[in-house]
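These notes concern the structure reproduced below.
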Amino acid sequence: MNHDLSSPIQYIKGVGPQKARLLGRLGITTLRDALFYLPFRYEDRSSTKKIVHLIYDELQAVTGKVVSADVITPNPRRPRMKLFEVVITDGSGVLKAKWFNQTYLKKVFRPGQEVVFYGTVKRNYWGAGFELINPEYELLDEDDNDFSQIHTGRIVPIYHATEGLSQKQLRNIMYAAVTASAASLSDTIPREIVTACNLPELSESILNVHFPSSSLSIDELNRGTSAYHQRLAFDELFTLQLGLAAMKKGEVQAKGIAFSPDGRYANKLLRNLPFKLTGAQERVLSDILSDMRSPAPMHRLIQGDVGSGKTIVALLSMLAAVESGYQAALMAPTEILAEQHYLNIHKLVEDLGLSIQLLTASTKGKQSDTTPGDTDIIVGTHALIQEGVTFRKLGLIVIDEQHRFGVMQRAALRKKGANPDTLIMTATPIPRTLALTLYGDLDYSIIDELPPNRSPVITRHLNERQKQAIYQLIEEETKKGRQVYVVYPVIEESEKTSLKAAITGMEALQLKFPHLKVGLIHGRMKPAAREEVMRSFKNGGIHLLVSTTVIEVGVDVPNATAMVIIHAERFGLAQLHQLRGRVGRGSGQSYCILLSYGVSEDSRKRLDVMVRTNDGFRIAEEDLLIRGPGEFFGTKQSGLPDLKVANLVRDVKLLEIARKEAFALIEGDPSLKKYPQLRNSLEHFWGKRLELFKTA
């Protein structure tokens with residue numbers, strides 16, 4: 001019997017209102033939900049062993065005939081404790097199966113019945129023979145023509161369950177749902193794509209992912225690489241990329257600004273810079289200017305490793321907007337980062353005779369004019385998108401560390417202008433698979449070249465017993481006239497944690513190095529105080545700067561050649577890489593010391609990666625492998641749908657095939673008029689995000 005896939009789950013055989021409430025905890029409220037609630041692993045129970053060949057303490061399946069099935073009282077002193085015991089034989093030996101306080105099983109088993117048990121085989125309490133405690137079981141009824149083994153005698157699915165709903169009950173429900181309705185699934189992927197990509201049918205895939213045939217490889221099933229898992233992963237990736245392709249197509253068709261920069265400010269800035277742009281910077285700038293001259297709105301992502309020079313490329317892009325009579329805004333996720341951008345570029349901008357303004361929550365309340373007005377370049381945080389902040393003629397938006405903004409925030413900033421161009425920067429290198437997912441609707445440029453004469457930073461991992469080596473490094477570098485960062489995870493010590501703190505650390509270092517000037521900077525300091533400390537450090541007035549992660553990005557002091565990261569095991573890979581990027585910015589050899597106080601397996605992997613390579617993209621790949629795609633990047637914040645089957649580490653090739661097919665389909669049929677069911681599927685998968693992204 002087929003069911004409507006939107007039918008409430010409680011009407012499926014074996015469910016009812018009580019189990020429906022329990023299934024609701026798992027997110028299963030409809031029949032469709034059940035079909036796509038997939039096993040997370042599998043057990044091979046397809047073969048059974050003779051009783052005589054059973055091995056103690058291993059999971060095994062065994063078939064036999066019931067000899068006896070009785071409720072017994074194992075301890076006369078505790079008469080309320082009942083034990084239900086079944087004895088079976090297969091001719092080679094005898095095995096006991098036991099369940100505590102489950103006397104209802106007396107109605108299930110009867111002598112002469114053939115059964116299959118599955119569980120961990122234990123030695124009998126009296127020292128001889130075999131027994132199973134609370135095994136899974138299945139009755140083999142030869143008279144039942146509809147009988148199909150679900151829990152034994154096959155590759156068996158294991159689901160994430162919930163309290164009150166056993167694995168066996170959940171499996172029975174899934175079997176009823178799949179056998180009743182898998183065939184009702186309509187395949188929304190166009191037939192020509194299914195054929196071209198050699199994909200199995202959707203209904204066949206659902207059936208074999210839930211209840212695989214015995215011919216399938218248990219290893220492939222558990223890795224999610226069976227043909228049927230890959231079909232379901234393809235559907236997810238295809239629908240994801242279809243949404244991104246639709247967004248991009250809509251953006252290309254929208255009317256934007258055709259900028260006409262004359263180069264008067266950009267050329268003057270380039271003449272005043274003490275360095276030349278790298279080939280990679282020139283190539284990416286050329287991509288950006290080409291986009292800006294086009295009447296279609298620009299949506300471009302710039303990726304570049306730490307120190308590759310993204311900020312100067314962004315500034316030159318903003319000058320192109322100003323030369324064309326428009327304003328440019330740079331939005332950063334934190335006040336610290338916004339301040340660092342402002343400090344790095346305001347002198348350059350003002351020397352060109354242009355105006356620049358910093359607009360954050362801290363500065364907003366102190367200025368009589370809280371709106372950018374006629375200011376040429378505005379640097380700020382979320383304060384830029386608040387009500388009452390208006391722009392005269394906003395033409396270019398630069399968004400830094402875009403993944404830390406939600407979809408709504410980006411959309412709100414774009415609404416401050418008339419379809420302004422958007423340039424997105426990230427100093428967090430992103431693996432290609434994740435970039436195609438997170439930024440699949442954007443054009444994509446990489447600054448893959450560091451400025452010349454930079455030596456790779458030498459990185460060492462030390463423990464607390466090796467502090468003397470750190471003191472020696474500080475002494476040696478400062479004697480050469482160099483400067484050093486010491487980074488702590490917290491500002492002050494606390495009873496709740498044993499972490500070393502910046503304030504205490506600064507005091508200890510001042511005692512250790514009385515001949516050096518030790519400075520302190522952290523997030524609780526007022527912006528003016530932070531600016532004063534950074535100015536002093538840049539000018540060489542501070543030898544040793546003790547800091548929290550406020551110096552993670554945007555700080556450029558070429559004379560700083562050493563960094564010590566305290567409690568390095570507490571930092572993520574991306575953050576460690578960003579911190580290390582504060583040194584190695586000059587021509588001298590630089591060092592980064594990762595000081596740990598006990599490490600877990602994951603933190604050891606992270607620190608080992610840091611020691612092995614300086615390549616941000618390689619580090620990002622490793623980070624993705626260690627943390628998995630869900631955690632790598634705060635993908636929830638990005639506004640993208642969740643992936644339940646596809647894995648961005650494992651399914652790289654599948655993603656690229658899905659992307660190619662999705663973009664080709666949208667190119668030929670932007671509104672999916674030929675495929676109304678696919679359009680419905682797309683809108684169901686993306687929800688309201690599609691509408692948001694049209695203006696994001």
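The values are calculated or read from the model by the stated rules, or taken from the named source; none is laboratory data. The shown structure was predicted, so the numbers you read here are calculated from the model rather than taken from an experiment. Ideal geometry is used to build each Cβ from the backbone, glycine not excepted, and the neighbour counts take in all protein chains shown. The area values use the complete protein model at the heavy-atom level, side chains included, leaving out ligands, DNA and RNA. Shrake-Rupley method; radii C 1.70, N 1.55, O 1.52, S 1.80 Å.
With all protein chains present and a 1.4 Å probe, how do ARG41, ARG582 order by accessible area, largest first?
Descending accessible area places them as ARG41, ARG582.
Defining a contact as two alpha carbons under 8 Å apart and six or more residues distant in sequence, what relative contact order in percent does the range 506-582 show?
Once normalised by length, the contact order is 28 percent.
Regarding the range 209-359, what are the three Cα extents along the principal axes, ordered largest first, in Å?
Largest first, the range 209-359 extends 75, 34, 33 Å along its Cα principal axes.
Given the DSSP H assignment, sum -39500 (n - 2.57) over each helix run of at least 4 residues in the chain and divide by its residue total; what's the result at 222 nm in deg cm²/dmol, nearest 500? Working shown, then result.
Numbers: 24 runs with 257 residues, N = 696.
Rounded to the nearest 500, it is -11000 deg cm²/dmol.
Using only Cα atoms, tell me the angle between helix 167-181 and the longest principal axis of the chain; keep it within 0 to 90° and round to the nearest 10.
90 degrees
Please list, in order along the range 588-593, the HN-Hα scalar couplings obtained from phi with the Karplus expression 6.51 cos²θ - 1.76 cosθ + 1.60 (θ = phi - 60°), rounded to whole Hz, x for Gly and Pro.
Along the range 588-593, the couplings run x, 5, 10, 9, 10, 10 Hz.
Pop out the Kirkwood hydrodynamic radius of the chain from its pairwise C-alpha distances, inverse of mean 1/r, in Å to one decimal.
Hydrodynamic radius (Kirkwood, Cα pairs) of the chain is 29.8 Å.
Compute the helix-to-body angle for 310-323: its Cα long axis versus the longest principal axis of the chain, expressed 0 to 90° and rounded to tens.
60 degrees
Would you check the accessible area of TYR118, probe 1.4 Å, heavy atoms only, in square angstrom rounded to 10?
Per-residue accessible area (TYR118): approximately 20 Å².
Ignoring ligands, DNA and RNA, please state the percent of accessible area on the chain from carbon and sulfur, probe 1.4 Å.
49 percent
³J(HN,Hα) across the range 648-655 via Karplus (A = 6.51, B = -1.76, C = 1.60, θ = phi - 60°), whole Hz, x for Gly/Pro?
Using θ = phi - 60°, the values come out as 6, 7, 7, 9, 4, 5, 4, 4 Hz.
Less than 14 Å apart at the alpha-carbon level, and either on another chain or at least 8 residues along: which aspartates and glutamates does that give for LYS467?
Those aspartates and glutamates meeting the cut-off are GLU475.
Tell me which residues come under 5 Å, amide H to amide H, from VAL486 once H is placed; ignore anything under 5 positions away on its chain.
LEU545, VAL546, SER547, VAL564
I'd like to compare 679-686, 55-62: which one has the highest average count of other Cβ atoms within 10 Å, and what's the full order after that? Before the final figure, lay out the partial values.
Details: 679-686: 17.1, 55-62: 15.1.
Final packing ranking: 679-686, 55-62.
Tell me which chymotrypsin sites (Phe, Trp or Tyr not before Pro) from the range 252-359 have a DSSP coil assignment and no more than 14 other beta carbons within 10 Å of their own.
Hits after loop and neighbour filter: PHE275.
Mind checking the angle between helix 601-612 and the chain's longest principal axis? C-alpha axes, 0 to 90 degrees, to the nearest 10.
Tilt relative to the chain: about 40 degrees.
Given the convex hull of the Cα atoms of the range 446-537, what is a quarter of its surface area in nm²?
9.2 nm²
Heavy-atom accessible area per residue, the range 539-633, 1.4 Å probe: how many Å²?
Roughly 34 Å² per residue, with all protein chains present.
Beyond 16 Å, how much of the Cα-Cα pair distribution for the range 499-606 remains, as a whole percent?
When all Cα pairs of the range 499-606 are counted, 61 percent exceed 16 Å.
With all protein chains present, calculate the accessible area of ILE593 using a 1.4 Å probe and round the result to the nearest 10 Å².
Accessible area, nearest 10 Å²: 10 Å².
What is the set of long-range amide H partners of ALA560 at a cut-off below 5 Å, with H atoms built 1.01 Å from backbone N?
Those qualifying (amide H under 5 Å, at least 5 residues apart or on another chain) are GLN483.
Using packing as a proxy for protection, rank 280-289, 309-318, 67-76 so that the peptide with the highest average count of other Cβ atoms within 10 Å comes first.
309-318, 280-289, 67-76
From the protein chains alone at 1.4 Å, what is the descending order of accessible area for ARG80, ARG45, ARG293, ARG32, largest first?
I get ARG80, ARG293, ARG32, ARG45, largest accessible area first.
Could you give me the ³J(HN,Hα) list for the range 453-460, computed from phi with Karplus coefficients 6.51, -1.76, 1.60 and θ = phi - 60°, whole Hz, x at Gly and Pro?
6, 10, 8, x, 5, 7, 10, 10
Using only alpha carbon pairs under 8 Å that are at least six residues apart, calculate the relative contact order of the chain and give it in whole percent.
Computed value for the chain: 13 percent relative contact order.
Along the Cα-to-C-beta direction of THR179, a point sits 7 Å from the Cα; which residues of the range 58-78 have their amide N less than 11 Å from that point?
none
At 1.4 Å probe size, what's the solvent-accessible area of GLU621? Round to the nearest 10 Å².
80 Å²
Report the far tail of the P(r) of the range 1-151, meaning the percent of Cα-Cα pairs longer than 21 Å.
Numbers: 6519 of 11325 pairs.
Percentage above 21 Å: 58.
Beyond a 31 Å Cα-Cα separation, which of these cross-linked pairs lie in this structure: LYS249/LYS276; LYS276/LYS538; LYS500/LYS644? Intermediate results must be reported in sequence, preceding the final value.
Details: LYS249/LYS276 36 Å; LYS276/LYS538 21 Å; LYS500/LYS644 39 Å.
Going by Cα-Cα distance, LYS249/LYS276; LYS500/LYS644 fall outside the 31 Å limit.
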